[in-house]
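Have a look at the structure below before the remarks.
The values are calculated or read from the model by the stated rules, or taken from the named source; none is laboratory data. Since the structure is predicted, the reported quantities are computational estimates derived from the model, not experimental observations. Because the Cβ atoms are built from the backbone with ideal geometry, glycine has one as well, and the counts that use them run over all protein chains shown.
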Amino acid sequence: MLLIACPWCGPRDEIEFRCGGESHIARPGPEVSDQVWAEYLFYRANPKGAHRERWLHAAGCRRWFNLVRDTVTHEITAVYRMGESGPAEPPAAAPSRASGAGR
């Protein structure tokens, strides 16, 4: 089980939290193509290594925050509040859609 340090409540067991998926995703403007909108809605990075995620402390303060978690080891290397810049960008993994496979 993960021990997640809520920025407001401190360290708590993983069972108190809900993962909200990839963080820092910019919503496209209203005049984008269907292709761009579909990519925003359905495509997410799936890196092997450092990954920025949104989490909700559902059984505690009920606040959202961001963290950086290694998807291989599950090690949490940074936790920061929404609106904060957080640490430098994690190392880039090879894009999962680079070849266009599956489209």
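Summary of computed values
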| item | result |
| --- | --- |
| First in the range 55-81 and surrounded by fewer than 19 Cβ atoms within 10 Å (Cβ to Cβ), second anywhere and among the aromatic types (Phe, Trp, Tyr) and not in a loop (DSSP other than H, G, I, E, B), Cβ under 6 Å, 6 or more apart | LEU56/TRP64; ARG81/PHE65 |
| Any chance VAL68 is part of a strand (DSSP E or B) and either at pLDDT 95 or above or in contact with a strand residue (DSSP E or B) (Cβ under 9 Å, 6 or more places away or on another chain) (or both) | yes |
| Check on ILE4, within 22 Å of HIS74 (Cβ to Cβ), touching a Lys or Arg at 6+ places or on another chain (Cβ under 9 Å) and without any contact (Cβ under 8 Å) to a residue 40 or more places away in the chain | no |
| Total residues in the range 26-54, condition polar (S, T, N, Q), part of a loop (DSSP other than H, G, I, E, B) and surrounded by fewer than 11 Cβ atoms within 10 Å (Cβ to Cβ) | 1 |
| Residues (closer than 29 Å to LEU3 by Cα and of a type in the set (Phe, Trp, Tyr)) located in the range 14-41 | PHE17 |
